[in-house]
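The values are calculated or read from the model by the stated rules, or taken from the named source; none is laboratory data. Remember, predicted model here, so these are calculated numbers, not experimental data. We place every Cβ from the backbone using ideal geometry, glycine too, and count neighbours over all the protein chains shown.
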Amino acid sequence: MDRRSAMKQLAILTGGAVLMPACDFSEESILQAYQNLKITASQKELLTRIIATVFPGKVLKSGPDLQLQDFVLVMCNDCLDRGQQETFVAGLQQWEAFSNNQYGKKFSQMNATEAEDCLRATLAMDGEGDEKKNATAFISTTKRFALQGYLNSEYFMTEIKPYELVPARFYGSKKIETA
Amino acid sequence: MANLTIKSKKDNSYDAIVIGSGMSGGWAAKELCEKGLKTLVLERGREVKHVQDYPTTNKMPWEFEHRGTIPEEIKKENPVVSRCYAFREDAQHFFVKDTEHPYVQEKPFDWIRGYQTGGKSLLWARQVQRWSDFDFEGPARDGFAVDWPIRYQDLAPWYSHVEKFIGVSGNKDGRDNLPDGEFLPPFELTAGELYFKDFLRKNYPEREIIVARCAHITGNAEFYAKQGRTLCQNRTLCQRGCPFGGYFSSNSSTLPWAAKTGNLSMQHHAVVHSIIYDEAKGKATGVRVVDANTKETTEYYAKVIFLNASALNTNLILLNSTSSRFPQGLGNDSGVLGKYVAFHNYRAGISGEFDGLKEYTTEGRRPTSGYFPRFRNVYTQETDFLRGYAAGFSASRSMVNDYSGIGEELERAMTREEYGPWRVGSHMMGETIPKEASQVSLDPDKKDAWGIPQLRVSLDYDANDEAMIKDYLEQMTEMFEAAGFTNIRTRDDKRAPGLDIHEMGGARMGKDPETSVLNKWNQIHACPNVYVTDGACMTSTSTQNPSLTYMAFAARAVDHAVKNMG
């Protein structure tokens, strides 16, 4: 499928009402950084909202603060095979329509609580049919890479659970103080 | 023209040539240079200088674009090397890519190679257990392969010689099937490992867990400072190259030491085509080399040649070194060259949990693990399969976090510090039996980019290996259950031979020139100024990681060569 017909299909699926600042689907350009995914800036925006729901920044820094949307897309672009990439992109393209059909509201219009519930329900869903399967795979892949990026971020590995490049010690039977 | 030839012959002449700069080649070079021989080391790959050519060594986890994962495109193009546990984003530049150096797999064989200064010594798992006479006497006792022409006593002083120089951390355990060596202070066993060791002492008195001996500096810092190396800092990022020189590699140790003598010449991008045999003189006179970049051929000459190209490439070079005296390959009067190749069986493993020792954990990182010396068929034949297996064993504890949530719940879970149960695990290291059918040969048609025939590899597991896997899993399960471990899971990952990276043999040592390629000094029977002291020389495989034995052979062979040069 070429980009134009993909866009048309997205427009049909979403009822033409996705949040797209460029307004004209047919002219919204593909983000060059992710050649294998062929996604648009507005799709990346939607992904960022999902990541902000997974890591809202209530206890720690938020996912978008750590630019996890970039990391998720880099991993999807470089480290998934062709089939996994197609599923991910299909899940992303269908996400607004899917959430609307499944939960009665487009994801982008949900408040924080609704968005969290929507992700939880999607992750717990038994995938019958392509759309459900795509949605579940899309959300679980997004969460998996976002979590990997978070746990391996400079912020987390210096401020929350510091990583030691040079431990210079090993104790095999260290007594736990609080036990 | 005649003058030119003479001149180039003089310029290209050395006392000794070493083919390969890896584990055993580095040792040959060090010993030859120390004994005053002008030595040329030929390395087919690029130069990797200690520290300055370790580009990832001080990188933090977040500095790797894919946090360690190898991108799909590279995996797809290089399925063989992608199956190697150490082929990750931080060390991928030290591995040969499948596409660059093709070979023919008659049966699936994952050939893991490192073409650069130091070869695979940069990447190895650094395990250095000595062999014992239970290993050297194996073929004679159990009636396979041929009898080793040496015994433990022949090699023991050379094990010591090597261990002192490379630095080996270990405990003197007093085991007759795993002799003690020249050890620096050992790493600690963990509380979980000590528990299992104690359990075995009470319930399986002939079985024992020890801390695996590894080539890391843990003491005598002043001595190693002379090599520019210092104490291991427990980074466990060894595969990137160590800026402290905490573990042994040719790059950090033997090659710079050899260079300091002023007797070393290193030639990189030097792909050895063959060894030159002079029929009139009845010996080898030099080496034919193809420049990896220009593809120009040059000949280098020496009185003695050490072949240390890595087990299978050494076979390839010998098979490709044909002359009217040796039409089937250099030193191949017996017809066994390329045959009786074997490896280590790493297919099976087991894991479990232990719910005790709640008051203990581990801290820091350890570049080795527990080690289960072979206990099967050691003193007498007691099973329906030949030989046995050693095993890695480790018990460790880490934080567990429940990452299943979304939003604030997930963020809170990520900050929690809660210890999980002890996790225990083991993997087998089985001895395989060298057989005539297990062989490598030259492809009659396919050539590599340098006009050298591609290697055909035909290795497989056999019924003995299958029986050993079954026994390992049964025995480990029984011991794990009896020790109170839970959630026990066993695996047989059916990996192809090769991923153990312990391929051995093809130019085996033996007493009889009719059935072996090398004599007890690692010399080719029929061409004694060529010594083979890498994995190709191995008559049988034992269960112990082989690199230490190759290094000891290299040092011993150089001593012999120099004493007999006259």
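Apart from one condition, B:E193 fits all of (1) without any contact (Cβ under 8 Å) to a residue 60 or more places away in the chain; (2) of a type in the set (D, E, K, R); (3) not assigned by TED's automatic domain parsing to the domain that holds B:G25; the exception is (1).
Okay, residues lined up against (1) more than 14 Å from chain A (Cβ to nearest Cβ); (2) polar (S, T, N, Q); (3) outside any loop (DSSP other than H, G, I, E, B); (4) in contact (Cβ under 8 Å) with a residue 40 or more places away in the chain:
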{"residue": "B:F326", "(1), (2), (3), (4)": "yes, no, no, yes"}
{"residue": "B:G331", "(1), (2), (3), (4)": "yes, no, no, yes"}
{"residue": "B:G356", "(1), (2), (3), (4)": "no, no, no, yes"}
{"residue": "B:E409", "(1), (2), (3), (4)": "no, no, yes, no"}
{"residue": "B:M414", "(1), (2), (3), (4)": "no, no, yes, no"}
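The residue that is nearest to B:S369 (Cα to Cα), among those in segment B:116-142 that are charged (D, E, K, R) and more than 15 Å from the chain's Cα centre (by Cα), is B:D135. Within segment B:40-58, being closer than 19 Å to B:Q116 by Cβ and either within 14 Å of another protein chain (Cβ to nearest Cβ) or β-branched (V, I, T) (or both) holds for B:V41, B:V48, B:V51, B:Y54, B:T56, B:T57. In segment B:287-306, of all residues being among the charged types (D, E, K, R) and in a strand (DSSP E or B), the one that is farthest from B:M565 (Cα to Cα) corresponds to B:D291. Restricting attention to segment B:334-370, the residues that are more than 24 Å from B:S438 (Cβ to Cβ) and either of a type in the set (S, T, N, Q) or surrounded by fewer than 23 Cβ atoms within 10 Å (Cβ to Cβ) (or both) add up to 16. Pairs are defined by a Cβ separation below 6 Å, a sequence spacing of at least 6 or placement on different chains, a first member in segment B:379-396 that is on the phi > 0 side of the Ramachandran plot, and a second member that is crowded, with 22+ Cβ neighbours inside 10 Å and not in a loop (DSSP other than H, G, I, E, B); the pairs so defined are B:R387/B:E431. I'd like to know if segment B:420-443 contains one or more residues that are farther than 30 Å from B:T539 by Cα and not assigned by TED's automatic domain parsing to the domain that holds B:R491. Taking every residue of segment B:420-443 in turn, none turns out to be farther than 30 Å from B:T539 by Cα and not assigned by TED's automatic domain parsing to the domain that holds B:R491. Does segment B:488-495 contain any residue that is aliphatic (A, V, I, L, M), closer than 29 Å to B:P546 by Cβ and in contact (Cβ under 8 Å) with a residue 24 or more places away in the chain? Scanning segment B:488-495, I find no residue that is aliphatic (A, V, I, L, M), closer than 29 Å to B:P546 by Cβ and in contact (Cβ under 8 Å) with a residue 24 or more places away in the chain, so the answer is no.
Pull up segment B:487-501, narrow it to residues that are on the phi < 0 side of the Ramachandran plot and touching a strand residue (DSSP E or B) at 6+ places or on another chain (Cβ under 7 Å), then point me to the one that is surrounded by the most Cβ atoms within 10 Å (Cβ to Cβ). So, considering only residues that are on the phi < 0 side of the Ramachandran plot and touching a strand residue (DSSP E or B) at 6+ places or on another chain (Cβ under 7 Å), the one surrounded by the most Cβ atoms within 10 Å (Cβ to Cβ) is B:D500.
Among the residues of this structure, A:Q109 does not count as one that is surrounded by fewer than 20 Cβ atoms within 10 Å (Cβ to Cβ) and at pLDDT below 95. Only one of the numbered conditions (1) outside any helix (DSSP H, G or I); (2) among the hydrophobic types (A, V, I, L, M, F, W, C); (3) under 20 Å from the mean Cα position of the chain (by Cα) is not met by B:V81, and that is (1). At least 2 residues being of a type in the set (G, A, S), under 30 Å from B:S253 (Cβ atoms) and modelled with pLDDT of 95 or more is the threshold, and among the helices (runs of 4 or more DSSP H) wholly inside segment B:130-225 those reaching it are B:152-166, B:221-225. Report yes if B:G192 is of a type outside the set (V, I, T) and buried (at least 21 other Cβ atoms within 10 Å of the Cβ), otherwise no. The answer is yes for B:G192.
The single condition from (1) surrounded by fewer than 19 Cβ atoms within 10 Å (Cβ to Cβ); (2) within 27 Å of the chain's Cα centre (by Cα) that B:G484 fails is (2). Comparison of B:A284, B:A280, B:A309 shows that the only residue that is crowded, with 24+ Cβ neighbours inside 10 Å, among the small types (G, A, S) and not in a strand (DSSP E or B) is B:A309.
Against the numbered list (1) surrounded by 13 or more Cβ atoms within 10 Å (Cβ to Cβ); (2) within 14 Å of chain A (Cβ to nearest Cβ), B:I433 comes up short only at (2). Against the conditions (1) more than 14 Å from every other protein chain (Cβ to nearest Cβ); (2) in contact (Cβ under 8 Å) with a residue 24 or more places away in the chain; (3) under 24 Å from B:A496 (Cβ atoms), B:E89 satisfies every one except (1). Give me the residue from segment A:47-61 that is within 9 Å of chain B (Cβ to nearest Cβ) and surrounded by 18 or more Cβ atoms within 10 Å (Cβ to Cβ) and, out of that set, nearest to A:K143 (Cα to Cα). Of everything passing the filter in segment A:47-61, A:V54 is nearest to A:K143 (Cα to Cα). Just one of the listed residues (B:I70, B:I17, B:I112) is modelled with pLDDT of 95 or more and in a strand (DSSP E or B), namely B:I17.
Checked against the criteria, B:K35 counts as more than 14 Å from chain A (Cβ to nearest Cβ) and either under 30 Å from B:H273 (Cα atoms) or in contact with a helix residue (DSSP H, G or I) (Cβ under 8 Å, 6 or more places away or on another chain) (or both). Pairs meeting the criteria (first residue in segment A:71-88 and among the aliphatic types (A, V, I, L, M), second residue at pLDDT below 95 and not in a helix (DSSP H, G or I), beta carbons under 9 Å, at least 6 apart or on different chains) are A:L73/A:L31; A:L73/A:L37; A:L73/A:I39; A:L80/A:N36.
Among the numbered conditions (1) closer than 30 Å to B:N234 by Cα; (2) free of Cβ contacts under 8 Å to residues at least 60 places away in the same chain; (3) of a type in the set (S, T, Y), the only one that A:Y150 does not meet is (2).
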